[in-house]
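Right, one structure below, let's go through it.
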Amino acid sequence: MSDDILRSVTQGQLNSTIPMVSVGDTVDVHVKIVEGAKERIQVFTGVVIKRQGSGINETITVRRIVANEGVERTFPIHSPRIAGIKVQRHGHVRRSKLYYLRERVGKKRRLRDRRRGLGWLVQQEEQQSQEAAEREAKEKAAAEASGSEG
Amino acid sequence: MAQAILGRKIGMTRLFDEQGHSVPVTVVQAGPCFVSQVKTVESDGYSAVQIAYEDIKPRRSTLPLIAHDAKAGLVPMRFHREFRTGSEDQFEVGQELTVQNFAEVKFVDVVGTSKGKGMQGVMKRHHFSGMEASHGVERKHRSPGSICSRSSNRGTGKPKKGIRMAGHMGADRVTVRSLPVIGIDKERNLLMVKGPVPGSKQGLLMIREAVRLNKSKAEMLKAS
């Protein structure tokens, strides 16, 4: 019962626009930075090496290489300071925590792209065909509109 | 009118404020409480307000307590606690106290019973440093050291009263002062305060308006 209350208290602050981020993904994290009165957005791009916590306490740790030096930042993903998270690539990993990347140097740092199962392929195809259909419908509508005008 | 209420600790979580700072928050389910007795100097020798919290099955209560609650026009209640607010005459017997009374309150004191730690040594209980790991120390690494000598305590050779030693730790009444109130939830009777409060989840807490504030918090209150 206590946990239900805690969950409901934090419900309003959860950010529902955050995409599914999994360990091994390469992500762009858009961070709001306040400088005096101004506010700007900085992008931190790197590999998610850790995903921790649940609900409003959920954080991801992103690792990137800056000037040959590994930099890790941990973001509470529901923080209002996170303007958005974009997943660039899915990496193929077999661990939930990628601490081994810290010891990797050079090309070995890179993760293989995730190979998806059949279900994912079917889904992709369906999505593409749906998009194509939508596009066609739109074009048709546009053509009709221009036709009626002409 | 100084406010007071009883509640149970629900647990801790975090909330983000307008600046995006993460604020550690303890959620307390507080009230509704009822004034079960108003003590006055004339009748009791001192003035205080006794408030009651949480319904209880009559068979789990005792007849004297049931009668005491009935006198105030209440159903049997589980907890009865007294507060000395300094404005006792503004309370009426049977009056309902809810978290809504805390809508204007900025800082509160929270009283609870800390988690019991059992029998503990001096290092944990009183933050002694213990002894060295080596340099001839044998089997005495966590011991308190000397507690008295022949000439201590005016030459009696007995330890002074109040020498800190190993013993039972925790399960004490603890007051945390001047915690900022983060928010209230009228529908669910929730009170959110910043930072930790004593005791385990579901533990009974007494919450009252902060008795005194330190300088910075007083200034914050004035500014708001």
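The values are calculated or read from the model by the stated rules, or taken from the named source; none is laboratory data. These numbers come from a predicted model, not from an experiment. Neighbour counts are summed over all protein chains in view; Cβ atoms, including those assigned to glycine, are modelled from backbone coordinates with ideal geometry. Side chains included, ligands, DNA and RNA excluded: accessible areas come from the protein's heavy atoms. Shrake-Rupley method; radii C 1.70, N 1.55, O 1.52, S 1.80 Å.
Sorting the Cα pairs of chain B by distance into bins of 10 Å, from 0 upward, gives 7, 23, 26, 19, 15, 8, 1, 0 percent per bin. Close amide-amide hydrogen proximity is noted between B:Val211 and B:Asp109, B:Ser178, each under 5 Å apart and 5 or more residues distant or on a separate chain (H modeled in the peptide plane; Pro and chain starts excluded).
For the peptide B:17-26, the mean number of other protein chain Cβ atoms found within 10 angstrom of a residue's Cβ is 3.
The 3J(HN,Hα) values that the Karplus relation (6.51, -1.76, 1.60; θ = phi - 60°) gives for the range B:109-123 are, in residue order, 9, 10, 10, x, 9, 5, 5, x, 10, x, 6, 10, x, 5, 5 Hz. Gly and Pro appear as x. Couplings 3J(HN,Hα) of the range A:55-62, computed from phi: x, 6, 8, 5, 10, 10, 10, 10 Hz, in residue order, whole Hz [Karplus 6.51 cos²θ - 1.76 cosθ + 1.60, θ = phi - 60°; x for Gly and Pro]. If R0 is 22 Å, the Cβ-Cβ spacing of B:Leu63 and B:Ala2 corresponds to a FRET efficiency of close to 0.10.
Taken residue by residue and averaged, Cβ atoms of other chains lying within 10 Å of the Cβ of B:34-44 number 0. Karplus-based coupling profile of the range B:47-54, in residue order and whole Hz: 10, 6, 10, 9, 10, 10, 9, 6, with θ = phi - 60° in 6.51 cos²θ - 1.76 cosθ + 1.60 and x standing for Gly or Pro.
For B:Leu74, no residue 5 or more places off, or on another chain, has a built amide H under 5 Å of its own.
Taken per residue, the accessible surface of chain A reaches 70 Å², heavy atoms only and a 1.4 Å probe.
Helical content alone sets the calculated 222 nm signal of the protein assembly as shown at -6000 deg cm²/dmol, taking -39,500 (n - 2.57) per DSSP H segment of four or more residues and averaging over every residue.
For B:Ile182, the residues whose amide H sits under 5 Å from its own are B:Met192, B:Val193, B:Lys194, ignoring neighbours fewer than 5 places away on the same chain, with H placed 1.01 Å from N.
With a 10 Å radius around each residue's Cβ, average the other Cβ atoms per peptide and rank A:50-60, A:28-38, highest first.
Details: A:50-60: 15.9, A:28-38: 11.8.
Going by the mean number of other Cβ atoms within 10 Å, highest first, we get A:50-60, A:28-38.
Overall, chain A carries a charge dipole of about 1320 debye about its Cα centre when +1 sits on the Cβ of Lys and Arg and -1 on the Cβ of Asp and Glu, all other atoms neutral. Lysine pair count for chain A (Cα-Cα distance under 21 Å; residues 8 or more apart in sequence or on different chains): 8. Measuring nothing but protein heavy atoms, the accessible surface of chain B at 1.4 Å probe radius is 50 percent carbon and sulfur.
Measuring spread by the Cα atoms of chain A yields a radius of gyration and Dmax of 20.9, 67 Å. Per the Debye formula on identical point scatterers at the alpha carbon atoms of the protein assembly as shown, with no solvent, log10 I(q)/I(0) at q = 0.14 Å⁻¹ is -1.20.
Let me know the whole percent of all Cα-Cα pairs from the range A:28-117 that are separated by more than 17 Å. Above the 17 Å cut-off, the range A:28-117 has 56 percent of its Cα pairs.
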